[in-house]
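The structure appears right after this line, and notes come after that.
The values are calculated or read from the model by the stated rules, or taken from the named source; none is laboratory data. Model, not experiment: these values are computed from the prediction. We place every Cβ from the backbone using ideal geometry, glycine too, and count neighbours over all the protein chains shown.
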Amino acid sequence: MAFYVVGSAMVKACLERLGLRECHLGGYCLQQVTFTELVTETPRSSQTSERLRAHVFIATPSNHLYLGPATVDQLAQQVA
């Protein structure tokens, strides 16, 4: 699941609440990543992309939903 938040106040509020729920109670760690969003086709090119900074909660072995290390293909199959 993804949420798009704007402004430092909203980001701070979301991270405080999610940090408590996900990191302290739920067995996740927080990582900052660069997310590349593919944008729909434009008249000049077949595809464009936009790079965004994103925070991602990643399950740890202490999380009951943690499935362990896997390849990208295995992860995609688990998510699907």
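Among all positions in region 11-29, there is at least one residue which is surrounded by 10 or more Cβ atoms within 10 Å (Cβ to Cβ) and of a type in the set (Ser, Thr, Tyr). All conditions but one from (1) at pLDDT 85 or above; (2) of a type outside the set (Lys, Arg); (3) surrounded by 10 or more Cβ atoms within 10 Å (Cβ to Cβ) apply to Val72; the one that does not is (3).
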